[in-house]
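**Student:** Here it is, the structure in full.
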Amino acid sequence: MPNTVSFNSDFPQITQSDALYERALKVQKPVTQTLAKGPGQFTKGIAPKYLQKGKGSHVWDVDGNEYIDFNSAIGPISLGYAYPAVDQAIMKQLEDGITFSLMHPQEVELSELIQQIIPNAEAVKISKTGADVCSAAIRVARAFTGRDKVYCCGYHGWHDWYIGITSRNSGVPQATQSLTYTFEYNDIESLKAALDEDVAAIILEPFIFAAPNEGYLQELIAICKENGTLVIFDEMWTGFRIALGGAQEYFNVKPDLAVYSKACANGMPIALLTGRADVMELFNNEVFSYTTFGGEALSLAACIATINELKDKQVPEYLDAKGKIIKEAYNRIARENGMENMTSCIGYNCRTMITFSPEAGNALALKTLMQQEMIKRGILWAGFHNMCFSHTDEDINYTIEAYQDVIPLIKTAIENGKIESYLKGEILEAVFRKVSDYNIKPRTLSTVE
């Protein structure tokens with residue numbers, strides 16, 4: 001029988017997952033379209049590789065095993081899987097068609113809605129993916145300023161201008177790599193020292209897990225304005241989650257440009273670029289950034305329906321309240337087990353992360369062990385709590401019970417000094433290797449010419 005959301009006696013059977021994976025190896029390179037969903041991020045031999053369906057906050061793999069999902073499809077699921085109001089909007093639009101030979105009215109309707117919500121949205125551009133709008137923002141910033149260099153802080157997609165500074169930069173010309181640099185979050189002095197007259201834009205995630213220092217975002221915007229450098233907020237994770245208007249609303253700051261995707265359409269592919277009218281005006285004639293599916297109507301309908309639900313149901317407040325319960329419970333359980341110096345749950349409540357200190361041992365091995373044991377208990381776990389509106393009190397209370405059961409096991413493995421001996425599958429892979437001069441270890445900006 002397939003496993004359920006319970007303290008199962010054994011690990012899930014994943015025969016069908018493994019069979020599909022073997023088929024995929026013969027025809028796909030790579031086998032996953034999203035790295036964070038791929039087999040390297042879920043322990044091989046224990047975790048499922050393919051999900052078949054979802055409803056609310058629960059998902060079922062191809063072998064029929066059920067899980068509470070705290071990954072939320074790596075961010076896009078803000079309301080829940082198969083959420084009625086969104087699905088109904090999609091089906092209603094489907095009756096009229098998917099994509100057309102002229103523009104669609106919902107392009108205007110969505111843009112008007114975004115302008116009411118996002119503080120800097122003097123103008124709105126619609127596209128399909130986060131990487132699309134990040135690259136569009138960089139291109140228009142370079143065109144507007146007449147400058148070439150970009151400083152970034154965070155993850156901004158797979159396009160050359162960004163991925164060239166990571167350890168997975170094969171195929172990116174050195175000339176392109178040399179135009180992008182990284183900077184340390186919350187270190188305003190190093191940024192001041194590095195800015196020069198050739199920096200077109202600063203792009204950053206307003207926060208990832210660590211909170212900005214008091215006044216950091218405001219000062220960053222001020223010094224960039226003085227330097228003639230545009231500021232771009234990458235709000236893929238913060239938008240529509242930390243507040244309806246994202247980090248701009250939450251921190252009361254207004255960047256020149258901002259980009260959004262993930263949470264705004266509850267799983268449908270759409271992305272948004274908002275910003276100053278004078279900068280965005282360049283898209284009309286000077287800067288080319290178009291895509292055939294930018295006005296695809298099912299995603300437009302889903303986005304409008306999702307945003308209205310987020311607003312009407314006060315979803316960001318819900319995510320904050322429910323995420324806080326999990327975060328505080330995890331840290332309490334860690335303290336009760338004398339592990340507060342070894343593991344903690346950090347971040348803003350809408351999206352938190354479990355961390356392990358160097359003192360605890362190999363962090364990837366510990367994460368693998370935690371994932372292994374949470375999956376056995378019916379929780380699809382990857383180290384994060386990406387909260388959605390469908391996470392119920394029952395889900396949260398059960399997850400806390402699972403942590404109460406698993407954390408003592410983690411403690412025993414640490415104390416025995418043989419974490420790997422507890423693993424039934426393979427250790428998880430790091431997304432980017434830690435090598436000097438790449439984004440996980442930022443370049444020394446004083447070296448910028």
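The values are calculated or read from the model by the stated rules, or taken from the named source; none is laboratory data. Owing to the predicted nature of the structure, the values given are computational and were not obtained by experimental measurement. Don't worry about glycine lacking a Cβ; one is built from the backbone with ideal geometry, like all the others, and counts go over all protein chains shown.
**Student:** In this structure, is F144 among the aromatic types (F, W, Y) and either modelled with pLDDT of 95 or more or not assigned by TED's automatic domain parsing to the domain that holds G246 (or both)? Spell out how you get there, then give the answer.
**Tutor:** Details: among the aromatic types (F, W, Y): yes; either modelled with pLDDT of 95 or more or not assigned by TED's automatic domain parsing to the domain that holds G246 (or both): yes.
Yes, satisfied.
**Student:** Condition first: of a type in the set (S, T, Y), without any contact (Cβ under 8 Å) to a residue 60 or more places away in the chain and part of a strand (DSSP E or B). Can you find one or more residues in the stretch 410-424 that meet it?
**Tutor:** No: zero hits.
**Student:** Could you please give the count of residues in the stretch 340-363 that are within 17 Å of E401 (Cα to Cα) and either surrounded by fewer than 18 Cβ atoms within 10 Å (Cβ to Cβ) or not β-branched (V, I, T) (or both)?
**Tutor:** Going through the stretch 340-363 one residue at a time, the tally reaches 2.
**Student:** Ok, one more. List pairs: first residue in the stretch 296-311 and more than 18 Å from H104 (Cα to Cα) and modelled with pLDDT of 95 or more, second residue in a helix (DSSP H, G or I) and of a type in the set (G, A, S) anywhere in the structure, Cβ distance under 7 angstrom, at least six positions apart or on different chains.
**Tutor:** These pairs meet every condition: T306/A265; E309/A85.
**Student:** Would you mind stating whether A321 is buried (at least 24 other Cβ atoms within 10 Å of the Cβ) and part of a helix (DSSP H, G or I)?
**Tutor:** no
**Student:** While we're here: With the condition being closer than 29 Å to T355 by Cα, I'd like the helices (runs of 4 or more DSSP H) fully within the stretch 145-222 carrying at least 3 qualifying residues.
**Tutor:** Qualifying helices (runs of 4 or more DSSP H): 188-194.
**Student:** So is Q41 in the same structural domain as S390 (by TED's automatic domain parsing), in contact (Cβ under 8 Å) with a residue 60 or more places away in the chain and either crowded, with 23+ Cβ neighbours inside 10 Å or over 22 Å from K128 (Cβ atoms) (or both) or not?
**Tutor:** Yes: the conditions hold for Q41.
**Student:** Is it true that some residue in the stretch 56-67 is outside the structural domain of T292 (by TED's automatic domain parsing), surrounded by fewer than 19 Cβ atoms within 10 Å (Cβ to Cβ), free of Cβ contacts under 8 Å to residues at least 60 places away in the same chain and in a loop (DSSP other than H, G, I, E, B)?
**Tutor:** yes
**Student:** Quick check on my filter: what residues within the stretch 72-103 are touching a Leu at 6+ places or on another chain (Cβ under 6 Å) and either under 24 Å from G378 (Cβ atoms) or surrounded by 15 or more Cβ atoms within 10 Å (Cβ to Cβ) (or both)?
**Tutor:** I90, Q93
**Student:** Checking the structure you have, find out if any residue of the stretch 12-19 is surrounded by fewer than 17 Cβ atoms within 10 Å (Cβ to Cβ), at pLDDT 95 or above and in contact with a helix residue (DSSP H, G or I) (Cβ under 9 Å, 6 or more places away or on another chain).
**Tutor:** no
**Student:** Next question, about the same structure. Of the numbered conditions (1) touching a residue at least 24 places away in the same chain (Cβ under 8 Å); (2) under 26 Å from the mean Cα position of the chain (by Cα); (3) not in a helix (DSSP H, G or I), A36 fails exactly one; give the number of that condition.
**Tutor:** (3)
**Student:** In the set I333, I325, which member is within 24 Å of I242 (Cα to Cα) and assigned by TED's automatic domain parsing to the domain that holds F42?
**Tutor:** I325
**Student:** Can you tell me which of F432, F389 is outside the structural domain of R241 (by TED's automatic domain parsing), under 23 Å from N71 (Cα atoms), in a loop (DSSP other than H, G, I, E, B) and modelled with pLDDT of 95 or more?
**Tutor:** F389
**Student:** Residue check: is A271 at pLDDT 95 or above and touching a Ser or Thr at 6+ places or on another chain (Cβ under 6 Å)?
**Tutor:** In short, yes.
**Student:** Same structure, new question: Go through the stretch 143-172 and give me each residue that's crowded, with 22+ Cβ neighbours inside 10 Å and among the aliphatic types (A, V, I, L, M).
**Tutor:** Residues satisfying the conditions are V150, I163, I165.
**Student:** Based on this model, can you work out whether S111 counts as at pLDDT 95 or above and part of a loop (DSSP other than H, G, I, E, B)?
**Tutor:** Taking the combined requirement at face value, the residue does not satisfy it.
**Student:** Scanning for something closer than 26 Å to I242 by Cβ, out of contact with any Cys (no Cβ under 9 Å at 6 or more places or on another chain), free of Cβ contacts under 8 Å to residues at least 60 places away in the same chain and crowded, with 21+ Cβ neighbours inside 10 Å, does the stretch 203-214 turn up at least one residue?
**Tutor:** Checking the stretch 203-214: at least one residue is closer than 26 Å to I242 by Cβ, out of contact with any Cys (no Cβ under 9 Å at 6 or more places or on another chain), free of Cβ contacts under 8 Å to residues at least 60 places away in the same chain and crowded, with 21+ Cβ neighbours inside 10 Å.
**Student:** From the list I68, I14, which one is closer than 18 Å to G383 by Cβ and not small (G, A, S)?
**Tutor:** Within the list I68, I14, the selection yields I68.
**Student:** Any idea how many residues of the stretch 229-286 are hydroxyl-bearing (S, T, Y) and outside any loop (DSSP other than H, G, I, E, B)?
**Tutor:** Residues meeting the conditions: 3.
**Student:** Still on this structure, I have one more. For W237, state whether it is in contact with a Gly (Cβ under 7 Å, 6 or more places away or on another chain) and either among the basic types (K, R) or in contact (Cβ under 8 Å) with a residue 24 or more places away in the chain (or both). Before the answer, list the steps.
**Tutor:** Values: in contact with a Gly (Cβ under 7 Å, 6 or more places away or on another chain): yes; either among the basic types (K, R) or in contact (Cβ under 8 Å) with a residue 24 or more places away in the chain (or both): yes.
In short, yes.
**Student:** What are the pairs, 6+ residues apart or on separate chains, where a residue within the stretch 278-293 that is more than 14 Å from V133 (Cβ to Cβ) has its Cβ under 7 Å from a residue that is modelled with pLDDT of 95 or more?
**Tutor:** L282/V140; L282/A143; L282/F144; E286/A143
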